[in-house]
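I have placed the structure first, in the form of structure tokens, so that the comments after it can refer back to it.
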Amino acid sequence: MNRGTAALTGSARPVRSAMSAAPLSLRASEMSSAVLSAGEFGLFAHAGRMREARAGEPLFRRGDLGTTMFVIEDGEVDLHFGDDLVGKRLGPYEFFGELGLLIGNHARTADAVVARDARLLELHHQEFESLVDRDPIMVGAFLRRAITRVVLNEQSLIRRLRRRNHDLQAALDTLHATTRQLNQTEELVRTDELTGLYNRRGLMLHLDECRTIGMPPTMGLVLVDCDRFKQVNDHHGHVAGDRVLQSVASILRAVVGPDDIACRLGGDEFCLVVRAGTADEVMRFAHYVVRTAQSLLELDGEPGDDADAPPIICPLSVGACLVAGNADWTDWYGRADLALYRAKRSGGDRVEWQDAHAPED
């Protein structure tokens with residue numbers, strides 16, 4: 001939470017039962033309100049934890065690094081900003097510290113002290129992320145409202161503190177960081193729930209964005225498919241199958257760089273889109289994936305292990321190729337799929353390469 005975020009907190013009670021039911025044409029005063037609706041409080045209570053706090057107890061001090069948002073269920077909390085800024089007293093259903101939640105390790109810019117014995121809901125970053133699947137519409141509306149509050153506060157700071165360039169720049173930096181956090185939250189809807197990798201929709205959106213800003217002329221595509229995955233599900237159940245898929249995702253996550261993307265396309269099929277200009281570069285990724293799976297299989301099958309125990313991984317077939325940045329996904333996938341088909345037909349547990357002009361089998 002920055003100074004302006006807390007300075008905009010109001011004392012009005014919520015007039016709507018859930019943000020998901022609010023109209024798009026909310027007034028600025030409603031969008032900047034620090035009071036949760038009953039629906040929002042109920043949603044946050046699913047993930048957060050309650051704590052009791054006595055009058056005079058400090059919740060945090062200016063300069064503390066925070067990763068937690070607080071919501072008051074009962075009681076009151078005072079926010080003291082120091083300098084010449086007016087403090088605020090918050091009451092039931094009002095929230096504060098949200099930038100610590102959204103950004104993580106955000107330096108608090110106010111002292112928060114319990115003014116009257118209070119019952120508080122604490123919500124950490126990971127707990128907040130878990131709410132996206134439960135009610136993405138309400139979470140998205142809350143994030144938009146939180147950012148609107150930051151925007152309105154920055155405007156207030158500009159009007160009131162024109163001579164304080166240093167504080168103004170810090171506030172603008174906070175706004176930019178919050179906007180980036182919203183973008184990251186929006187990425188959650190692009191993510192596969194089981195593995196944490198991008199899903200197919202996320203991959204398509206990512207490629208569209210890359211083309212907008214300028215795609216490299218050449219990219220590498222690594223298509224990954226689990227061998228005999230159906231047998232794992234049939235013999236050991238879907239929980240074991242899910243664990244295998246998560247192991248594959250961990251391998252892909254370990255190999256990608258900041259400019260690469262790992263994706264679960266669906267079922268037991270995955271892919272890597274990597275920045276690469278030569279076949280050797282792409283094949284390094286492909287061989288790493290297959291060899292890592294082979295090493296895990298060897299560990300899983302050491303003497304003394306239960307032969308009927310569910311596997312943690314299965315062999316992987318991989319098809320790899322170079323693709324033109326200006327070509328569409330169908331062309332990319334078709335080429336890599338030719339190589340993957342050859343790998344599967346040859347018994348799996350291997351890598352096959354597809355040249356740009358190689359004849360189709």
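The values are calculated or read from the model by the stated rules, or taken from the named source; none is laboratory data. Just so it is clear, the structure is predicted and the values come from calculations on it, not from any experiment. FYI the Cβ positions are ideal-geometry reconstructions off the backbone, even for glycines, and counts take in every protein chain you see.
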> Restricting to region 247-304, what's the tally of residues that are in contact with a helix residue (DSSP H, G or I) (Cβ under 8 Å, 6 or more places away or on another chain), assigned to a helix (DSSP H, G or I) and surrounded by 17 or more Cβ atoms within 10 Å (Cβ to Cβ)?
Replying inline: 11
>> Show the residue pairs meeting these rules: Cβ distance below 6 Å; 6+ apart or different chains; first residue within region 186-202 and of a type in the set (Lys, Arg); second residue part of a strand (DSSP E or B) and crowded, with 16+ Cβ neighbours inside 10 Å.
In response: 190/198; 200/265
> Restricting the search to region 268-290, which residues are more than 12 Å from residue 219 (Cβ to Cβ) and among the charged types (D, E, K, R)?
Replying inline: 268, 269, 280, 284
>> Return the residues of region 211-254 that are among the acidic types (Asp, Glu) and in contact (Cβ under 8 Å) with a residue 12 or more places away in the chain; say none if nothing qualifies.
In response: 225, 227, 242
>> Looking for something of a type outside the set (Ser, Thr, Tyr), exposed (fewer than 14 other Cβ atoms within 10 Å of the Cβ) and either assigned to a strand (DSSP E or B) or in contact with an Asp or Glu (Cβ under 8 Å, 6 or more places away or on another chain) (or both) - is there at least one such residue anywhere in region 78-95?
In response: yes
> Which one is nearest to the chain's Cα centre (by Cα), of the residues in region 99-114 that are buried (at least 17 other Cβ atoms within 10 Å of the Cβ) and modelled with pLDDT of 85 or more?
Replying inline: 108
> Is it true that some residue in region 236-246 is touching a strand residue (DSSP E or B) at 6+ places or on another chain (Cβ under 6 Å) and assigned by TED's automatic domain parsing to the domain that holds residue 297?
Replying inline: no
>> If the requirement is being in a helix (DSSP H, G or I), more than 22 Å from residue 131 (Cβ to Cβ) and touching a Cys at 6+ places or on another chain (Cβ under 9 Å), which of these qualifies: 222, 232?
In response: 232
> So which of 257, 348, 277, 334 ends up being under 21 Å from residue 206 (Cα atoms) and either among the aromatic types (Phe, Trp, Tyr) or touching a residue at least 24 places away in the same chain (Cβ under 8 Å) (or both)?
Replying inline: 277
> So, of the residues in region 52-68 that are within 29 Å of residue 184 (Cα to Cα) and touching a residue at least 60 places away in the same chain (Cβ under 8 Å), which turns out to be surrounded by the most Cβ atoms within 10 Å (Cβ to Cβ)?
Replying inline: 59
> Out of 249, 262, 336, which single residue is on the phi < 0 side of the Ramachandran plot and more than 26 Å from the chain's Cα centre (by Cα)?
Replying inline: 336
>> Condition first: in a strand (DSSP E or B) and touching a Leu at 6+ places or on another chain (Cβ under 8 Å). Can you find one or more residues in region 195-205 that meet it?
In response: no
